[in-house]
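Asker: I'd like to ask some things about the structure below.
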Amino acid sequence: MFDGEGELYDCYGQILYEGEFRNDKPCDISKIIKNSKTYNYASLMRKTNNTRNLIELTGYVTDVFESECYTDYILSSGNSDENTYYLVDSKSKDNKKIVIGNYIKVYGLSDGFINFEISESSFSKLPYVEVYYIEVK
């Protein structure tokens, strides 16, 4: 986990955030919230230039996976699999306890896709988002 001064860049090398980081997350969340945009699922899935952008998502948590350093969430923002996102949140003492069924707003960095295993023989390609801040609604 990174602690210290640094920059966060988009896929074109433009600075998205410059400042202090703690536990891999920007410390000045107000800058992240101010510069985050809402992207629809189809846009994220079609355009590679929508990776490495600050993003805002809302939806229901449908699954939670805990590991030593991270908590991963599956977020559904609609009634179909076409509105499902894979979120990764680095653990810290400040983390809120998020459970299945919580309605949340997430600010983070879109960072491509992940092939998520649904069953032994079935995978789904989901937008991958690195979480910087979560609001439980």
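Asker: Considering segment 1-22 alone, what residues qualify as being at pLDDT 90 or above, of a type in the set (A, V, I, L, M, F, W, C) and over 16 Å from the mean Cα position of the chain (by Cα)?
Answerer: Ile15, Phe21
Asker: Quick check on Ile98: is it surrounded by 15 or more Cβ atoms within 10 Å (Cβ to Cβ) and under 21 Å from Tyr39 (Cβ atoms)?
Answerer: When the stated conditions are applied, Ile98 does not pass them.
Asker: Which residue pairs have Cβ atoms under 7 Å apart, sit 6 or more places apart or on different chains, and have a first residue in segment 16-35 that is farther than 10 Å from Tyr132 by Cβ and a second that is small (Gly, Ala, Ser) and surrounded by 15 or more Cβ atoms within 10 Å (Cβ to Cβ)?
Answerer: Correct list of pairs: Asn23/Ser90.
To keep it simple, each residue is scored yes or no on (1) at pLDDT 85 or above; (2) assigned to a helix (DSSP H, G or I); (3) among the hydrophobic types (A, V, I, L, M, F, W, C); (4) exposed (fewer than 12 other Cβ atoms within 10 Å of the Cβ).
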| position | (1), (2), (3), (4) |
| --- | --- |
| Ile33 | yes, yes, yes, no |
| Leu44 | no, yes, yes, no |
| Arg52 | yes, no, no, no |
| Leu57 | yes, no, yes, no |
| Val61 | yes, no, yes, no |
| Val64 | yes, no, yes, no |
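Asker: If I ask for residues that are acidic (Asp, Glu) and surrounded by 11 or more Cβ atoms within 10 Å (Cβ to Cβ), which ones from segment 111-137 would you list?
Answerer: Listed by number, the residues that qualify are Asp111, Glu130, Glu135.
Asker: I would also like to ask the following. Name the residues in segment 49-58 that are on the phi < 0 side of the Ramachandran plot and within 16 Å of the chain's Cα centre (by Cα), would you?
Answerer: Asn50, Thr51, Asn53, Leu54, Ile55, Glu56, Leu57, Thr58
Asker: Does segment 15-26 include one or more residues that are farther than 20 Å from Ile114 by Cβ, of a type in the set (A, V, I, L, M) and not in a helix (DSSP H, G or I)?
Answerer: Scanning segment 15-26, I find at least one residue that is farther than 20 Å from Ile114 by Cβ, of a type in the set (A, V, I, L, M) and not in a helix (DSSP H, G or I), so the answer is yes.
Each row is one residue, and each column tells you yes or no for (1) closer than 19 Å to Lys37 by Cβ; (2) touching an Asp or Glu at 6+ places or on another chain (Cβ under 6 Å); (3) among the hydrophobic types (A, V, I, L, M, F, W, C).
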{"site": "Gly59", "(1), (2), (3)": "yes, no, no"}
{"site": "Glu68", "(1), (2), (3)": "no, no, no"}
{"site": "Leu75", "(1), (2), (3)": "yes, no, yes"}
{"site": "Leu87", "(1), (2), (3)": "yes, no, yes"}
{"site": "Tyr103", "(1), (2), (3)": "no, no, no"}
{"site": "Phe113", "(1), (2), (3)": "yes, no, yes"}
{"site": "Lys125", "(1), (2), (3)": "no, no, no"}
{"site": "Val136", "(1), (2), (3)": "no, no, yes"}
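The values are calculated or read from the model by the stated rules, or taken from the named source; none is laboratory data. For clarity, every value in this text was computed on a predicted model and none was experimentally measured. We place every Cβ from the backbone using ideal geometry, glycine too, and count neighbours over all the protein chains shown.
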